[in-house]
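S.K.: After the structure tokens below, expect a handful of questions from me.
The values are calculated or read from the model by the stated rules, or taken from the named source; none is laboratory data. These numbers were taken from a predicted model, which means no experiment stands behind them. Here Cβ is always computed from backbone atoms with ideal geometry, including for glycine, and neighbour counts include all displayed protein chains.
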Amino acid sequence: MLTLIVLLPLLGFALNGVLATRLGNTLWAPAGGTPADEHDHGHGHGPAVHLGHKLVALIGCGLPLLSFVLVLQMLGQLQTMGYAPIVETAYEWASVGDSRFEIAFYFDRLSAVMALIVTGVGSVIHVYSVGYMAHDRSFGRFFAYLNLFLFFMLLLVLGRSLLVLFVGWEGVGLASYLLIGFWFDDLANARAGKKAFVTNRIGDAGFLLGMFLLYQTLGTLDMDRINAAFAFTGSAAPAVGASLVGVLLFIGAMGKSAQIPLHVWLPDAMAGPTPVSALIHAATMVTAGVYLVARMSGIYMQAPEASMLIAWVGAGTAFFAASVALVQTDIKKVLAYSTLSQLGFMFIALGVGAYGVAIFHVVTHAFFKACLFLGAGSVIHALGGEQDVRKMGGLARRIPITFVTFAIATAAIAGLPPLAGFFSKDEILWFALASTRGGSVWLWGVATLTALMTAFYMFRLLWLTFIVPSHMEPKVEHHVHESPLSMTGVLMLLALLSSVGGFLHLPHFLQPLLPLPAVDPHLHHLEKPLIVLAVLVALAGLAAAVYVYGAPASRAQALQARFAGIHRWLSGKYFVDELYEAAIGRPLVWVSDRVFLRLGDRRLIDGALNGMAALGQRCAALLSRVQTGQLHLYAWLVLIGMIATVLWSWRHV
Amino acid sequence: MLLALAVALFAIGLLGVIVRRNVLVMLMCMELMLNGVNLSLVTFAQQTGTTVGAVLVFLTFVVATAEIALAIPIVLLLVRRKHTLDLSTYNELNG
Amino acid sequence: MLDGLLLHLDTLLLFVFGVCALVGASLMIVLRQPMRVAMALISTMVFLGGIYGLLGVHFIAAFQVLIYVGAVMVFMVYVIMLLEVREGRGPRYSQWVWPGLIGAAALVGALVISIWAGLPQVGTAAKGAGFGIQSFAVSFLRDYWLHFELTSVLLVAAVVAAMAIIRVNRRADEKRRHG
């Protein structure tokens, strides 16, 4: 059954990939017409979905939905069996000596939660894409890639062994590359895809080293067995340091979940279609790193140094990203940096030992971030491709459903009760302060400051996009329209989930598997006041945003002028990309060009080969001077040959 | 001693081929070489008492005759083209 | 005394013939006119024939004079007469005189050393009995008939070659006349 859950999206990929792409479109296109050639938003529509598209959409959305239903069923089964983990071996991959590598699937509370999010939010985004990509000429290819992504992501969350997880890990990286560069006609998109993949790969190096170490000392890569092995302390503990393995695995998580310094690919990944940004870069793929650390909690509980590193890297990323988001002008970029920041929060939670809380935040973040991204997609669709926030405004009345859902999701991410974000973020802040496994007031301070910034920039975004008077160009303004039901229906569903999702009490559900860390008893009395403080912070952010942006534009501009230096620094994203380019990119290119290409390849290798050929030619030219054409010379050479033969015969006869 | 004579005849013949310019003289020197070889064959035959050497000499006569019969016409044809018997001027087959 | 001389007559004649043959050979490379060179060669060949006779291979001596002098050299003389009428006086030696001399000397030295080192010294022996024409013919056509046949194949090849030359010659002539 688990295998079936994993394989259904793969089937969708195969079917859509083979039959619905350009090659197969002629098979399914009706007599009525072929899909519009260019990806155009919002001009004269015929039927938005053609017959060929309907079948593609049916396959592409139906199979993930089926997977979701099956996951629910398995959850029921799990419940009846008292939450004992279900293990299903699908295939024996290799048997080398004593060790066996199997493709096995593992279903327990954590996998259930992750699988539900992946299939649930995934299916919903698939449905949204039916409306969003309706006029794109590569409709079939899009759904094929989306299903491929789902397949790999399910491998990742359902795998029992780190090896299966890694296959899924790499696979989602591939799917991400394919989807970011989906409109590859534009070179910038292809470059963004490449950047994502390469940056991921750098993290994977650490991941692989961690896996090698684990396999060498423990002889197995099954995650449940590894956790059990690390539960022993003292003489029975594994021979490898938990912190070392922990740090190495975390490096992999850094690449996949875009923590600094490997965060540079996520903002560029916004070059892909908006459903891609929602699914991959908000809800699922980037949370794979969080899942990995949570799953390997057995290791991290024995590794205080690694946990501290995780917590502070998370805090740094959260603060860094939030500060950059304050001044971004592209609606998707703001959301991208917001994702980075929220991922940082998740890692803070992981670093202080509150693994269940981090997963809870993953779930709520999936709800409201997907809603935000899809809402942004709806706005872009309505405006015919415009993404610059400075050219929006006044959309609240024109596209009301989008506005309301966007507002609900914004309030959720800011942490206003009783929406979902409030519950998860508040728990993170509490454990950041009070956990005995690394909580400190500094961590809490950075996190709270980041929460303030989050509220500010999210409400700024909401105001600039919807509420301020319109800055749109007239012809764009003329065509503003609400999105079709396939898109707005999803938005409404996600907004609903963002509202009530907090009441799921996931940390409590995951407690038997991922116990919450102990809390410093001296700080216990601060729990309630902290909640109030968190709400106040959110409201303060809202108020500040309204103050700056709800007023005439001059106030915002004056603020910008006063802090011009900081503004320049932030809008340049701290110039990290430029730093990488100068410190790593250019020297590498220089070495490749000067040393390997010119010196190594051209001079040494080609030179050696050409040199040998030239040597042969020169020898031939030299030797051919014997042939003068004069018979006397030849006869003389015969004489010399005879003498030589006679002399030779003295020696050898 | 006879062998030394044979060697000397052969060497002189080869020397003649190397040294003389005239085509016909070169041909005659080649005949001299053959004669030297014949002498050595006969000497060996007489020393060992077998008849192999004599047989070979006999066959050498035949071959030498055939060779001359063909070499002369070739020389004639060559000379007709270049109008000189000086072999050192024939160097088209160089390089 | 005459007995002693007669006893060693063979050796003496052998010596004289040998020296004369050598002289004839040397003259070949020195004389300027081809006709004189031909004469020197003929004399060398005749002396060689004498040597063969002294060695007891009478029929080979006969064939030497018959075939070599009688056919080959006569042919050469004809050709010299044919061609030399148009020839003037040219330089005698090529540019390879000195290398040739050195090389020839080296060759003679090497071969003589080989002979002295390797072979037992045997003088002349009048073993005429083993080389009678009868025994020669028998061994020729019984033991060495394969060589005989191969030589006849070679002669066939020579005939074919001669015909080819004639044909090429005729075609070249026609092309020159009509082309």
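S.K.: Name the helices (runs of 4 or more DSSP H) wholly within the range A:248-306 that hold at least 3 residues that are under 21 Å from A:F212 (Cα atoms)? Outline the logic, then answer.
M.R.: Details: elements: A:265-268, A:274-278, A:288-295, A:297-300.
Here the list reads A:288-295, A:297-300.
S.K.: Out of the helices (runs of 4 or more DSSP H) lying entirely within chain B, which hold 2 or more residues that are buried (at least 21 other Cβ atoms within 10 Å of the Cβ) and within 14 Å of chain A (Cβ to nearest Cβ)?
M.R.: Values: elements: B:2-19, B:23-48, B:52-82.
Of the helices (runs of 4 or more DSSP H) lying wholly inside chain B, those with at least 2 residues that are buried (at least 21 other Cβ atoms within 10 Å of the Cβ) and within 14 Å of chain A (Cβ to nearest Cβ) span B:2-19, B:23-48.
S.K.: Going through the range C:25-43 one residue at a time, which ones are of a type in the set (S, T, N, Q) and more than 7 Å from chain B (Cβ to nearest Cβ)? Lay out the reasoning, then the answer.
M.R.: Going residue by residue through the range C:25-43, those that are of a type in the set (S, T, N, Q) are C:26, C:33, C:43.
C:Q33, C:S43, listed by residue number.
S.K.: Filter the range A:112-151 down to residues that are over 15 Å from A:V69 (Cα atoms), among the small types (G, A, S) and assigned to a helix (DSSP H, G or I), then give me how many there are.
M.R.: Of the residues in that region, 4 qualify.
S.K.: Could you check how many residues of the range A:467-494 are surrounded by 24 or more Cβ atoms within 10 Å (Cβ to Cβ) and not in a loop (DSSP other than H, G, I, E, B)? Before you say what the answer is, go through the steps one by one.
M.R.: Start the filter on the range A:467-494 by keeping residues that are surrounded by 24 or more Cβ atoms within 10 Å (Cβ to Cβ), which leaves A:483, A:487, A:490-491, A:494.
If we keep only those that are not in a loop (DSSP other than H, G, I, E, B) as well, we get A:487, A:490-491, A:494.
The total comes to 4.
S.K.: Can you pull out every residue in the range A:159-185 that is over 28 Å from A:E92 (Cβ atoms) and either without any contact (Cβ under 8 Å) to a residue 12 or more places away in the chain or touching a strand residue (DSSP E or B) at 6+ places or on another chain (Cβ under 8 Å) (or both)? If you could, list the steps in order and put the result at the bottom.
M.R.: Of the range A:159-185, the ones over 28 Å from A:E92 (Cβ atoms) are A:176-185.
Those that are over 28 Å from A:E92 (Cβ atoms) and either without any contact (Cβ under 8 Å) to a residue 12 or more places away in the chain or touching a strand residue (DSSP E or B) at 6+ places or on another chain (Cβ under 8 Å) (or both): A:F184, A:D185.
S.K.: Please work out if A:F151 is among the hydrophobic types (A, V, I, L, M, F, W, C) and closer than 20 Å to A:G241 by Cα.
M.R.: Working: among the hydrophobic types (A, V, I, L, M, F, W, C): yes; closer than 20 Å to A:G241 by Cα: no.
It is false that A:F151 is among the hydrophobic types (A, V, I, L, M, F, W, C) and closer than 20 Å to A:G241 by Cα.
S.K.: A follow-up question, please. Taking helices (runs of 4 or more DSSP H) that do not extend beyond the range C:1-80, which have at least 1 residues that are polar (S, T, N, Q) and in contact with a Gly (Cβ under 9 Å, 6 or more places away or on another chain)? So that I can check it myself, show each step before the final result.
M.R.: On the way: elements: C:2-7, C:9-30, C:34-55, C:58-63.
Hits in the range C:1-80: C:9-30, C:34-55.
S.K.: Restricting to the range A:415-442, name every residue that is charged (D, E, K, R) and either modelled with pLDDT of 90 or more or not in a loop (DSSP other than H, G, I, E, B) (or both). Break it down stepwise before answering.
M.R.: Step one: of the range A:415-442, the residues charged (D, E, K, R) are A:425-427, A:437.
Correct list: A:K425, A:D426, A:E427.
S.K.: If you take the residues of the range C:56-78 that are among the small types (G, A, S) and surrounded by fewer than 17 Cβ atoms within 10 Å (Cβ to Cβ), which of them is nearest to the other protein chains (Cβ to nearest Cβ)?
M.R.: Going through the range C:56-78, the residues among the small types (G, A, S) turn out to be C:56, C:61-62, C:70-71.
This time we only want the ones that are surrounded by fewer than 17 Cβ atoms within 10 Å (Cβ to Cβ), so: C:62, C:70-71.
Numbers: C:A62: 11, C:G70: 10, C:A71: 6 Å.
Ranking the qualifying residues of the range C:56-78, first place goes to C:A71.
S.K.: Give the range A:170-188 a look and list any residue that's surrounded by fewer than 20 Cβ atoms within 10 Å (Cβ to Cβ) and part of a helix (DSSP H, G or I), or say none.
M.R.: Across the range A:170-188, the qualifying residues are A:E170, A:G171, A:L174, A:L187, A:A188.
S.K.: Something else: Limited to the range C:127-164, what total is found for residues that are in contact with a helix residue (DSSP H, G or I) (Cβ under 8 Å, 6 or more places away or on another chain), modelled with pLDDT of 85 or more and farther than 16 Å from B:F58 by Cα?
M.R.: Total meeting the criteria: 3.
S.K.: Can C:L48 be described as of a type outside the set (D, E), at the interface with another protein chain (Cβ under 7 Å from one of its Cβ atoms) and out of contact with any Leu (no Cβ under 7 Å at 6 or more places or on another chain)? Break it down into steps so the answer makes sense when it comes.
M.R.: On the way: of a type outside the set (D, E): yes; at the interface with another protein chain (Cβ under 7 Å from one of its Cβ atoms): yes; out of contact with any Leu (no Cβ under 7 Å at 6 or more places or on another chain): no.
No: the conditions fail for C:L48.
S.K.: Only one of these is surrounded by fewer than 24 Cβ atoms within 10 Å (Cβ to Cβ) and under 15 Å from A:S257 (Cα atoms): A:A192, A:A205. Name it.
M.R.: A:A205
S.K.: Something else now. Among the numbered criteria (1) loosely packed, with under 13 Cβ neighbours inside 10 Å; (2) more than 7 Å from every other protein chain (Cβ to nearest Cβ); (3) modelled with pLDDT under 85, which one does C:T124 miss?
M.R.: (1) is the only condition that C:T124 fails.
S.K.: Scanning the range A:398-440 for residues that are buried (at least 24 other Cβ atoms within 10 Å of the Cβ) and among the hydroxyl-bearing types (S, T, Y), which turns out farthest from A:V537 (Cα to Cα)?
M.R.: Result: A:T402.
S.K.: For the range A:87-143, how many residues meet the condition of being over 30 Å from A:T402 (Cβ atoms), out of contact with any helix residue (DSSP H, G or I) (no Cβ under 6 Å at 6 or more places or on another chain) and small (G, A, S)?
M.R.: Residues that pass the stated criteria total 5.
S.K.: Of all residues in the range A:505-525 being among the hydrophobic types (A, V, I, L, M, F, W, C) and within 16 Å of A:V352 (Cα to Cα), which is surrounded by the most Cβ atoms within 10 Å (Cβ to Cβ)? Outline the logic, then answer.
M.R.: Kept after step one, since they are among the hydrophobic types (A, V, I, L, M, F, W, C), are these residues of the range A:505-525: A:506, A:509-510, A:513-514, A:516, A:518-519, A:523.
In the following step, the residues that additionally are within 16 Å of A:V352 (Cα to Cα) were identified as A:514, A:516, A:518-519, A:523.
Details: A:L514: 23, A:L516: 17, A:A518: 11, A:V519: 18, A:L523: 17.
Top of the filtered list is A:L514.
S.K.: May I pose another question? With A:L623, A:L609 as the choices, which residue is surrounded by fewer than 10 Cβ atoms within 10 Å (Cβ to Cβ), more than 11 Å from chain B (Cβ to nearest Cβ) and aliphatic (A, V, I, L, M)? Write out each step before concluding.
M.R.: Working: A:L609 fails: surrounded by fewer than 10 Cβ atoms within 10 Å (Cβ to Cβ).
Being surrounded by fewer than 10 Cβ atoms within 10 Å (Cβ to Cβ), more than 11 Å from chain B (Cβ to nearest Cβ) and aliphatic (A, V, I, L, M) holds for just one of A:L623, A:L609, which is A:L623.
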